Each structure stands twice: as structure tokens, then as C-alpha cells.
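So the structure is just underneath, and the comments pick up after that.
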Amino acid sequence: MPPLHSGPAPLNRFPPAAEVDLVTLVRILVGALTAATVMQGALLTASAQENVDAFSCRYIEAPTAEPFGNEEGHGISVRDYACQVTQGPLSGGVLTARAVWEMDKSGGRLLLGGGVIRKPGAMAVLQLSEGKLEYRTTNGEVTQVRTSGRGAYLLASGAAASLSGKTFTYVTKTTAPAQFYFEDRRE
């Protein structure tokens, strides 16, 4: 076993500059460029995720549609839900919210929606301003409900103050009976 060496690395471990061939230099350059590209991609991904808020949600009551007007299948659905914030500046907080949808046989249109996110030291109020609800079916049975739309953080305070006035697009999809995933991407 060689003795431990605590001083600077001996200079004879590296070949003299004249002995380094062009292929070795190209390999070093390609390696450095590859590493720089990977780092840039990682930073862009991290930056993109900084603008994403994610929520794991559960309906407080099973969503149903009340008949509205004379048209068959036309109704109003009031959906109250609570969510655990799983990503974003309010991660660990809780969203309590309500959405009201005009429903028909093909899906729905958001009439109003919004809620409050609470976390010790931070609070935010969000409003859903546009929304479309679609049914995903398999063999004629509804297997998933998805929504998409736009919204905004109307007010925010404390550790979430930077959210105030930010707009976002959102998507949701059912994950289990009476449960869904909600994600917004701030613009």
C-alpha cells in the first residue's frame, strides 16, 4: 500500500503539455460542454418547478348536479373541497375552496371558484376565473374527470406575499373516488 500523501499532488502525474494530443483535448472540451448543458437543463427544470403549485384534494361531499332549467342533463354542481398543498411556497398548507359548475351531458363550464390557502406565517386567496370540465370515458363509463382553466392569486401575505397578483393556468384530474390532483402554473 502506498504511503498517505498530504501535500500537493506531484507534478509528474500529468503529461507535459506537448504530449497531450488533439483527441484528448477534444474529449475534455466535449465533456465540459456536456456537463454545462446538463447543468443548464437542471437549472431550467428547477426554475420551471418554482412556478408550480400542486395540491392533493378531496371533496368534502360527493359532487352532484342539481337539475337546472328544462333541458335534460342540464344542472348546477356546487363542489366544496379541501386540499393539502404539496408543492410551492405554501407547501404544507391547506386550501379550502368551492367551485360552482354549469353541467351538461358533455361536461361543464366554471361559473365561479376560489378559496383560501392557510399555512402558519402565510395566507393566500385564489380565484378561478375560467374553467372547462371534461369527462374521460372507457367503454361508455366515466373513468376520470378533468378540468382546466385560468385563475389568479388575489391576495397573499407572509411567506407567500410574492404570489399576490400572480395569474396562473390550472389542470385537475381525478385520482380516486372523491379525490383529485390540482396543479397551477404561475405565469
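Please treat every number below as a calculation from the coordinates, not as lab data. Quantities reported herein were computed from a predicted structural model and do not represent experimental measurements. Positions of Cβ are generated from backbone atoms using ideal geometry, with glycine treated the same way; all protein chains shown enter the neighbour counts.
Straight-line cross-link partners of LYS132 among the lysines, defined as a Cα under 21 Å from its Cα and at least 8 positions apart when in the same chain: LYS105, LYS166, LYS173.
In angstrom, the C-alpha Rg and Dmax of region 148-187 are 12.3, 35. Is the C-alpha gyration tensor of region 62-187 telling us rounded, prolate or oblate? Criteria: a/c under 1.5 is rounded; beyond that, a/b larger than b/c is prolate, otherwise oblate. Prolate. Going by neighbour counts of Cβ atoms within 10 Å, the residues LYS166, LYS173 line up, fewest first, as LYS173, LYS166. For region 96-152, trypsin sites (Lys or Arg not before Pro) are listed when DSSP marks them as loop and at most 13 other Cβ atoms sit within 10 Å of their Cβ; the list is LYS105.
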